[in-house]
1. List every residue pair whose Cβ atoms sit under 6 Å apart, with the two residues 6 or more apart in sequence or on different chains, where the first one lies in region 1-29 and is farther than 15 Å from R45 by Cβ and the second, anywhere, is charged (D, E, K, R).
2. Please go through region 16-37 and pick out each residue that is surrounded by 14 or more Cβ atoms within 10 Å (Cβ to Cβ), part of a helix (DSSP H, G or I) and not β-branched (V, I, T).
3. Residue under question is R42, and the condition is that it be modelled with pLDDT of 95 or more, of a type in the set (D, E, K, R) and surrounded by 14 or more Cβ atoms within 10 Å (Cβ to Cβ); does it hold?
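The values are calculated or read from the model by the stated rules, or taken from the named source; none is laboratory data. Every value quoted in this text rests on a predicted model; they were computed, and no experiment measured them. Note that each Cβ is placed from the backbone with ideal geometry, even for glycine, and that neighbours are counted across all protein chains shown.
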Amino acid sequence: MTEQDDLSYYTRRERDERTLADKAAENCVRKLHTRLADEYARRARSAFILARAKGASRSDESELKEG
């Protein structure tokens with residue numbers, strides 16, 4: 001899986017978990033889904049940062065080859 005795939009997956013899962021949290025009748029279930037959503041959000045941020053870093057390094061490599 002690429003970083004972009006990871007980012008899409010984690011973002012979708014975060015949204016799904018927040019929807020489930022909103023619909024949960026029990027407070028403990030709501031908290032669980034919220035914790036899962038928060039974790040997916042953290043992973044999405046990490047995937048985004050990694051994708052940007054790899055994109056920057058590829059750009060740097062292509063500039064070196066062109067120069």
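1. Close Cβ pairs satisfying both conditions: A21/R30; A24/R30.
2. Restricting attention to region 16-37, the residues satisfying the condition of being surrounded by 14 or more Cβ atoms within 10 Å (Cβ to Cβ) are 16-18, 20-21, 24, 30, 32-34, 36-37.
Then keep just the ones that are part of a helix (DSSP H, G or I); that gives 16-18, 20-21, 30, 32-34, 36-37.
Passing the criteria: D16, E17, R18, L20, A21, R30, L32, H33, L36, A37.
3. Considered against the rule, which asks whether it is modelled with pLDDT of 95 or more, of a type in the set (D, E, K, R) and surrounded by 14 or more Cβ atoms within 10 Å (Cβ to Cβ), R42 comes out as no.
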